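Let me begin by presenting the structure, written as structure tokens, before commenting on it.
The values are calculated or read from the model by the stated rules, or taken from the named source; none is laboratory data. Predicted, not measured: the structure shown is a model, and the values here were computed from it. Cβ: placed from backbone, ideal geometry, glycine included. Neighbour counts: every protein chain shown. Side chains included, ligands, DNA and RNA excluded: accessible areas come from the protein's heavy atoms. Shrake-Rupley method; radii C 1.70, N 1.55, O 1.52, S 1.80 Å.
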Amino acid sequence: MSMNKILLAVALGVSLGIASCKKDWDAHNQVTDAGASKNLLEHVKANTSLSKFADLLTKTGYDTVIASSKNYTVFAPTNDALATLDPAVANDTAKLRKFVGNHIALLRYFTYASPDTLRIAMLSGKYNNMYGKKVETAAITTADEFASNGALQVIDKMLPVLSNCWEVVESSADFPVKQRDFLISLNYDGFDSSKAVQIGVDPVTGKPVYKPGSGYVASNMYWDKVYDMRNESQQYTFFALQDLPYESEKTVFKPYYATGTTDSTDRLSAFCVVKDFAIKGYVPQDKLPDTLVSKFGVKLPVNKAAIVKTIKTSNGIIYVMSGLSVIPKNKFKSIVIEAENYNGYSNDRRSNTYFRDRYNPLTGKNIRDVLVSGHGVAQFNLRYDIAEMPTLKYKAYWVAVNDFQTTTHTQLLGIGTPTSTVFAYTTVPLASYAEALIGEYTHTKYEPVFNIYLTAANSTTAAANPLVCDYIRLEPVL
Amino acid sequence: MYSATFQIKKLTAFALLLCAGSLLGQKADKVQTASYKKQPNDTLYVSGVVTDASSKTGAQGIRIAVKGFSATITDPTGNFKLRVPAYDALLQVDGEGYQSVNVSLKGRKTLAIALHDESHPSVYESIVLPYGTKLKSDAPEAATQFQADGSWGNPYEMPDAQLQGHVAGLNSIRRSGSPGVGANMFLRGYTSLYATNKPLVVIDNMVYDYNDYGESIIANNYTNPLALIDVKDIDQVSVLKDASSMYGTKGANGAIIITTARAKQQATKIDFGAYTGVNFAPQNLPVMNASDYRVYLSEMLQSKGMSSSDIASLPYMNDSKTPYYYSTHNNTDWQKKIFENSVNSNYYLKVTGGDNIATYALSMGYMKNSGVVKATDLTRYNTRFNAQFNFSQRFTGTANLSFTYNEQNLKDQGIANNTNPIYLSLVKAPFFTDRDVNENGTVSPNLADADALNVSNPAAVIDVMQAYNKYYRFFGSFGFKYEISKHVNAATLFGITYDKVRENVFIPRKGVANDTVPNAVIDSRLGAQVKRLFSIYNDTRLNYNNAWGKHHFNANLGMRYQGNQAEQDFALGFNSATDELVSVQNGVNLLRQVGGDIGEWNWMNVYVNADYNFGNRFFIGFNTAMDASSRFGEQTTSGIKIGSVPMAVMPSVSAAWLVSSEKFMANSRISYLKLRASYSFTGNDDIGNYSSKQTYASQNLLGLQGLVRSGISNPYLHWEKVARQNIGVDLGFWNDRVQLSADGWQNKTTNMLVYQPLETVTGFKQVITNDGSMNTKGLDLMLNVRVLNHRNLKWDISANASTYKNEVLSVPGGSFTTNFAGATMLTRNGDVANLFYGLKTEGVFSTDAEATSSGLQKKMPDGSLRAFAGGDVHFTDLNGDKLIDDKDRTVIGNPNPSWTGGINNRISWKRFTFDVMFTFTKGNDVYNYLRQQLESESGTQNQLQSVANRWRANGQVTSTPKATWGDPMGNAAFSDRWIEDGSYFRLRELNVAYNVPIKKQGFIKDLNIYASGYNLLTFTKYLGYDPEFSANPSVFAQGIDTGLNPQFISIMGGVKLGL
């Protein structure tokens, strides 16, 4: 055997060996399922009933997206479903892209894994709800076809791109004008330092100096205080009153917002009306109960007969109503002030201040109260700030538990000032967990911030001047 | 083929038969002896012809002799005539270029002797045994010889790895592909669970300690003291498989006796070798590419509960041109970043020579062997000086001195998930890159930091991590021998081992994911370690040697002493201020950890040995050793006591009958037949230096430092006893052209070290006792065939195979489990030790409905039950309680091979010699930890391409479960999914040597050119880099692929020049 032949044999052997070694891996790595070896685009193209949707994918550039290396769920409407596509959408590139994007979601969603409603973010920026074999109003006819990069759901209806609740408020002709005007009047420019351009540092304060005009973002008081109804990921049920009932509803609440000017009274009462109109969550008309509860705990009596118009939005629903009156008794709740959460004190007596955990045998609940004793200050007081206090008559109560000494003591609820004479000094009985009525008081003017005080006896004797309180409750008398 | 029939009874019966045979033989001899006397000696002649077995022509100049009686040489036609003392005399035949043979006359008066060339393995070659050199045909022991003869063709081998496939019964498993790391050797299975299973290594009559004392601070690195020996210094290696009782309590696992280079002639001979070679990076494991991985990752993140907007906002999921686009949109082949083809070089010079007063062999070598993992290598500088002195006619001496210095650059290996470059290269997301990239795509030379998925940058581990090891050993001895009389001589040997290992580690903060210790987050890691071993050795003996008539008697009485001191000191530091401060003192003071270990132990061994040979046909060997060791408990009741010192007594007896030298075999086709049997007691003293003593450990309690008892002492603790039985037959046919050898053996361990569980009230969990027992039996087969025997073309096949079966006889409680690398192993009475013990699987549920109908559930950590769903693995509910848990575990694999061995081919053709060696292992199961990690589908780590087959939706039929964050249903739990067949058949070595024709009388005496390839072909079904690995010498770590550096293919070319 010549050297050449030997080398040849060795070379053959080596290549055979490598081939045989590789085979085991090939067998191990072989993708056994045809579905998993093709990507979503290939799946869409393979289905002849989706040819129109495939064309739209190509037209909008989403074909490369769903062929890429991320997981997607494609809700592909059949050719029949796409037959009614609005030409206005079909001929507008931007709208069409948004329309097609509204059928594609990042990540995989399977029908068998969505027994509860899944709110799925679509590439259009909108969300669609999937529940079992339904997505929005469309039914999934061929479900859970899996591809190497996601899932394909064939649907029998299109998923049109809808406006969201706030877009409807701002621009829909169906939305009542007066309520819209008020809501838009709540716009303001907010400052967001993360969006501002910093141009330097103030040498004196060390604080950043921003480029003038930068960092301002359009905002709205309603978004801040109630709900930001632009949020696509959440769903809202929103009520709008037609102009006339809106005005009359405002009139009902104007007396509670007595201020110096009619304008401010008008605004305050308007806000008082609309703040309870937004409900988190999507309540379809057929499931509307007779009462809904707002974010602020106010009961909204919903009369289905008063619904004038229903506007479906991408993040919920808006009902235009001919009437939706809330009685003041439901609107105004008791003001409860936890005594340990005071906003200020007359003297720094933190070393004499105790926050006590107690069990209230009357309510069966654990409570935490405040006790200031041995402070040695005559008329020592704690201050509480109450925001937005409407003009109303209140009954004042407190719970004060004197279980720290054997003698009773007196303390004062100061309205407006620490030594106010609206109420007299009240004796705190020994070891009483009961709510004690202090008296009645009429608040005559709406205050954005109103102070009340807990004031100790005019004495420096420790046994006479302690302050103790669990909470103070101001109950509107309506 | 092999059945378990090795029972003591049969052995005893056989021994009796042997004795009877020997008595008969003696009777026959008496008759013959009587006939001697009748005839004058000078009337007895034998004549014959000696031929060359390959050319079949007469061989001239062959020396034929009857030892101490007569001698002659053959004439040009090969004829001879020799005076003999009797017609059962033994003729010794040898000639240059031919193998030496002994020919028993067996009554014949004319002989036809065909001699093979010296490359053919001979049954009459001499073999080095503990008490000197014997002819293989005369040895009653089961001993095999590996003629290394300098291994000029295999310069890069390590002595332990080199024996792989050469010796029946020796399973030498290379630890990993790191240069110099060598092999874990198991001679005839194992004899112990917790003590060592390493055979004793004796080099030039001195015990060579090759333990790696104290763990390396470089993850899973093994410092192999045998790497300090240059294989080119080795002349021959004998492997003694039984009758190792002369080594007393160090002989439980047999012995490997290495003889290093010696001058064979007085003329000065200079040999110089120069070699270079290439190691080839292994084939990539098929991990997913960037796009497949990203799909997998988004599925995983969805399963983690991330919303689509959160996922969309991740830089690597965002395909628009963000500032991070270029650093997160790549397709990096990470394995290419850490593996490379590397170059080796090796130079070696050996000078031998001397005069009639002294002969010497001096060698020096340099080797640099690079690994296939970048920045790993081994550099060795070795010197050896062996000399033999004749001070006077009767007084001789030897000196064997060697000094070797090794330097190793290493990387973490195995389970070190933040720093093992191989593991990192497999799990690292391919869309990242190894360098910093700015927003315009400009690549910086700076290494990228650990990525957003908290995986270290393998390139940073390669480039910046430092892990090096410097170790040296002086191993030297002086021996003296005085011939007191013709029959009596005294010899002594003094030797010293001085060994030092220094290790340094630095893991940078940049590029490596942070780790945690109990009181800190650690970024950079620093470490230094020094290990020392100092050992003195003495072996003094009195030898009596006499022969009268047909009786040969040789006896030794001696004593060995070994005193050892080992010390280990390490310091670990963390969080040095910058990555430029790399030495351990730069770590933060508060976090520094220091520790170490001191071990001192002494061993004394008194031994008696007697070998008796009758008529060169019957051989009996008797050995006994009496051992004392500082490790033995003072109150042990085993063995005998001298004074108050407990001593282990280890006797052994071995016998052989050379049937083919009997007269009745005179005309047999069987040219060689020897029956052997041996029974020996050996011991294992690897019971811990201080395990029998009361020890204390320092402990910190609320800032107070104190001493607490670190365990319960067991003053009764003593050596493990191993009773070794062996019966063997050696056969030669057709003038020894076919040689067969078979050995059946059994090793029974009693007093085996085990951990006995303790009652809680003791305050300790367990105590070490001698309460276990185990039995291993097996079969070793060897076959030598000269397939082709032409003048210019000769082909020898030397094949061996061995098998063993282990059985645990008793362990405390009947069974226990051990854990390693996430695997659980079961050891129980009546079964093989160390069986893989896990869940059985029946595929993957294809739908939720299928899973529901099975009704299977799993208990979550919070105690709740969760039902299996579509895409989960269908585990077999063995106990039928519908709950998948530890109670459903069963034996799912056995890491012990059913057969191991090697096939060596030597083909010589004209001046070429081809050595082709195959090694194989069959029937061993392997736990593929690395694949378990790469198919666990439980996190963000990259996975194998097979994960593309994962279950995705209801109705999919596949064998790969779904990807779920954290794997709550335990789909990746230790189960038969990860057990693979580790069998392989490998072209281990292909060696071509060409002996260049040189003009005689020239300056150059000989010139050889070598070309070799190693691991060229491996046939295996194993799904990993390579099926050969051994993470750890422990029995409980065998068969587990933890991702050590893989074996690789390499080729080498070299030249040897003789002056």
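Checking each residue in segment A:177-217 for being more than 30 Å from A:LYS295 (Cβ to Cβ) and outside any loop (DSSP other than H, G, I, E, B) picks out A:GLN198, A:ILE199, A:GLY200, A:VAL201, A:PRO208, A:VAL209, A:TYR210. Just a yes or no: is a residue in segment B:1023-1043 more than 22 Å from the chain's Cα centre (by Cα), open to solvent by 30 Å² or more (accessible area, probe 1.4 Å) and under 19 Å from B:VAL926 (Cα atoms)? The answer is no, given that none of the residues of segment B:1023-1043 is more than 22 Å from the chain's Cα centre (by Cα), open to solvent by 30 Å² or more (accessible area, probe 1.4 Å) and under 19 Å from B:VAL926 (Cα atoms).
When you look at A:GLY260, is it at positive phi and exposed (fewer than 12 other Cβ atoms within 10 Å of the Cβ), yes or no? Before the answer, list the steps.
Working: at positive phi: no; exposed (fewer than 12 other Cβ atoms within 10 Å of the Cβ): yes.
No.
Checked against (1) open to solvent by less than 60 Å² (accessible area, probe 1.4 Å); (2) under 30 Å from B:VAL584 (Cα atoms), B:ARG435 passes all but a single condition, namely (1).
In segment B:651-768, which strands (runs of 3 or more DSSP E) lie fully inside it and hold 2 or more residues that are in contact (Cβ under 8 Å) with a residue 60 or more places away in the chain and touching a Lys or Arg at 6+ places or on another chain (Cβ under 8 Å)? Before you say what the answer is, go through the steps one by one.
Working: elements: B:670-684, B:696-701, B:704-709, B:720-733, B:738-757.
The strands (runs of 3 or more DSSP E) meeting that bar are B:670-684, B:720-733, B:738-757.
Of the candidates B:THR578, B:THR540, B:THR497, B:THR492, the single residue that is open to solvent by less than 70 Å² (accessible area, probe 1.4 Å), farther than 26 Å from B:TYR696 by Cβ and outside any strand (DSSP E or B) is B:THR578. Cβ-Cβ distances below 9 Å connect the following pairs, each with a first residue in segment B:984-1008 that is farther than 30 Å from B:ILE173 by Cα and within 14 Å of another protein chain (Cβ to nearest Cβ), a second residue that is assigned to a strand (DSSP E or B) and of a type in the set (Phe, Trp, Tyr), and a separation of six or more residues or different chains: B:TYR994/B:PHE912; B:TYR994/B:TYR1010. Examine segment B:551-570 for a residue that is of a type in the set (S, T, N, Q), farther than 30 Å from B:ILE484 by Cβ, open to solvent by 40 Å² or more (accessible area, probe 1.4 Å) and in contact (Cβ under 8 Å) with a residue 60 or more places away in the chain, and state whether such a residue exists. No, segment B:551-570 contains no residue that is of a type in the set (S, T, N, Q), farther than 30 Å from B:ILE484 by Cβ, open to solvent by 40 Å² or more (accessible area, probe 1.4 Å) and in contact (Cβ under 8 Å) with a residue 60 or more places away in the chain.
Checked against (1) within 14 Å of chain A (Cβ to nearest Cβ); (2) part of a helix (DSSP H, G or I); (3) modelled with pLDDT under 90, B:SER320 passes all but a single condition, namely (2).
Looking at A:VAL298, A:VAL320, A:VAL274, A:VAL283, can you tell me which residue is open to solvent by less than 10 Å² (accessible area, probe 1.4 Å), within 22 Å of A:PRO160 (Cβ to Cβ) and either within 14 Å of chain B (Cβ to nearest Cβ) or not acidic (Asp, Glu) (or both)? Reasoning before the result, please.
Working: A:VAL298 fails: within 22 Å of A:PRO160 (Cβ to Cβ); A:VAL274 fails: within 22 Å of A:PRO160 (Cβ to Cβ); A:VAL283 fails: open to solvent by less than 10 Å² (accessible area, probe 1.4 Å).
Result: A:VAL320 is the single residue among A:VAL298, A:VAL320, A:VAL274, A:VAL283 that is open to solvent by less than 10 Å² (accessible area, probe 1.4 Å), within 22 Å of A:PRO160 (Cβ to Cβ) and either within 14 Å of chain B (Cβ to nearest Cβ) or not acidic (Asp, Glu) (or both).
Do we find that A:SER172 is surrounded by 15 or more Cβ atoms within 10 Å (Cβ to Cβ), closer than 30 Å to A:LYS70 by Cβ and either modelled with pLDDT under 90 or away from chain B (no Cβ under 14 Å) (or both) in this structure?
Details: surrounded by 15 or more Cβ atoms within 10 Å (Cβ to Cβ): yes; closer than 30 Å to A:LYS70 by Cβ: no; either modelled with pLDDT under 90 or away from chain B (no Cβ under 14 Å) (or both): yes.
No, not satisfied.
Tell me, yes or no, whether segment B:952-968 has at least one residue that is within 12 Å of chain A (Cβ to nearest Cβ), surrounded by fewer than 22 Cβ atoms within 10 Å (Cβ to Cβ) and of a type in the set (Asp, Glu). Looking for residues that are within 12 Å of chain A (Cβ to nearest Cβ), surrounded by fewer than 22 Cβ atoms within 10 Å (Cβ to Cβ) and of a type in the set (Asp, Glu), one finds none in segment B:952-968, hence no.
Taking helices (runs of 4 or more DSSP H) that do not extend beyond segment A:218-305, which have at least 2 residues that are of a type in the set (Lys, Arg)?
Per the criteria, no element qualifies.
Considering only residues in segment B:593-619 that are in contact with a helix residue (DSSP H, G or I) (Cβ under 8 Å, 6 or more places away or on another chain) and part of a strand (DSSP E or B), the one that is farthest from B:GLY683 (Cα to Cα) turns out to be B:PHE614.
Scanning segment B:304-357 for residues that are touching a helix residue (DSSP H, G or I) at 6+ places or on another chain (Cβ under 9 Å), touching a residue at least 24 places away in the same chain (Cβ under 8 Å) and aliphatic (A, V, I, L, M) returns B:LEU314, B:ILE338. Residues that are aromatic (Phe, Trp, Tyr) and open to solvent by 10 Å² or more (accessible area, probe 1.4 Å) within segment A:213-235 comprise A:TYR216, A:TRP223, A:TYR227, listed in sequence order.
Inside segment B:932-954, residues that are under 14 Å from B:ALA972 (Cα atoms) and basic (Lys, Arg) make up a count of 1.
If I ask for residues that are touching a Ser or Thr at 6+ places or on another chain (Cβ under 6 Å) and open to solvent by 30 Å² or more (accessible area, probe 1.4 Å), which ones from segment B:61-95 would you list? Give the derivation first.
So in segment B:61-95, the residues touching a Ser or Thr at 6+ places or on another chain (Cβ under 6 Å) come out as B:62, B:64, B:78, B:80-83, B:90, B:94.
Hits for segment B:61-95 are B:LYS81, B:ARG83, B:LEU90, B:ASP94.
Against the numbered list (1) open to solvent by 50 Å² or more (accessible area, probe 1.4 Å); (2) not in a strand (DSSP E or B), A:GLU145 comes up short only at (2). Of the residues that make up segment B:804-824, is at least one within 14 Å of chain A (Cβ to nearest Cβ), open to solvent by 10 Å² or more (accessible area, probe 1.4 Å) and outside any strand (DSSP E or B)? There is no residue in segment B:804-824 that is within 14 Å of chain A (Cβ to nearest Cβ), open to solvent by 10 Å² or more (accessible area, probe 1.4 Å) and outside any strand (DSSP E or B).
Taking (1) open to solvent by 10 Å² or more (accessible area, probe 1.4 Å); (2) away from chain A (no Cβ under 14 Å); (3) of a type outside the set (A, V, I, L, M) in turn, B:GLY1058 satisfies each apart from (1). Is segment B:325-332 home to any residue that is part of a loop (DSSP other than H, G, I, E, B), in contact with a Lys or Arg (Cβ under 9 Å, 6 or more places away or on another chain) and closer than 30 Å to B:ILE1049 by Cβ? Yes: one or more hits.
All of (1) in contact with a strand residue (DSSP E or B) (Cβ under 9 Å, 6 or more places away or on another chain); (2) among the polar types (S, T, N, Q); (3) closer than 30 Å to B:ASN440 by Cβ; (4) not in a helix (DSSP H, G or I) hold for B:SER298 with one exception: (4). When segment B:893-951 is filtered for residues that are within 14 Å of chain A (Cβ to nearest Cβ), assigned to a loop (DSSP other than H, G, I, E, B) and closer than 30 Å to B:VAL785 by Cα, the ones remaining, listed by number, are B:LYS910, B:ARG911. Take the conditions (1) hydroxyl-bearing (Ser, Thr, Tyr); (2) open to solvent by 10 Å² or more (accessible area, probe 1.4 Å); (3) more than 10 Å from chain A (Cβ to nearest Cβ); B:SER975 misses just one of them, which is (2).
From B:THR824, B:THR818, B:THR776, B:THR803, which residue is touching a helix residue (DSSP H, G or I) at 6+ places or on another chain (Cβ under 8 Å) and hydroxyl-bearing (Ser, Thr, Tyr)?
Details: B:THR824 fails: touching a helix residue (DSSP H, G or I) at 6+ places or on another chain (Cβ under 8 Å); B:THR776 fails: touching a helix residue (DSSP H, G or I) at 6+ places or on another chain (Cβ under 8 Å); B:THR803 fails: touching a helix residue (DSSP H, G or I) at 6+ places or on another chain (Cβ under 8 Å).
Going through B:THR824, B:THR818, B:THR776, B:THR803 in turn, the sole match is B:THR818.
From B:TYR222, B:TYR213, grab the single residue that is part of a loop (DSSP other than H, G, I, E, B) and surrounded by fewer than 20 Cβ atoms within 10 Å (Cβ to Cβ).
Details: B:TYR222 fails: surrounded by fewer than 20 Cβ atoms within 10 Å (Cβ to Cβ).
When all the criteria are applied, what remains is B:TYR213.
The set of residues in segment B:308-366 that are β-branched (Val, Ile, Thr), closer than 30 Å to B:PRO286 by Cβ and buried (at least 17 other Cβ atoms within 10 Å of the Cβ) comprises B:ILE311, B:THR328, B:THR332, B:ILE338.
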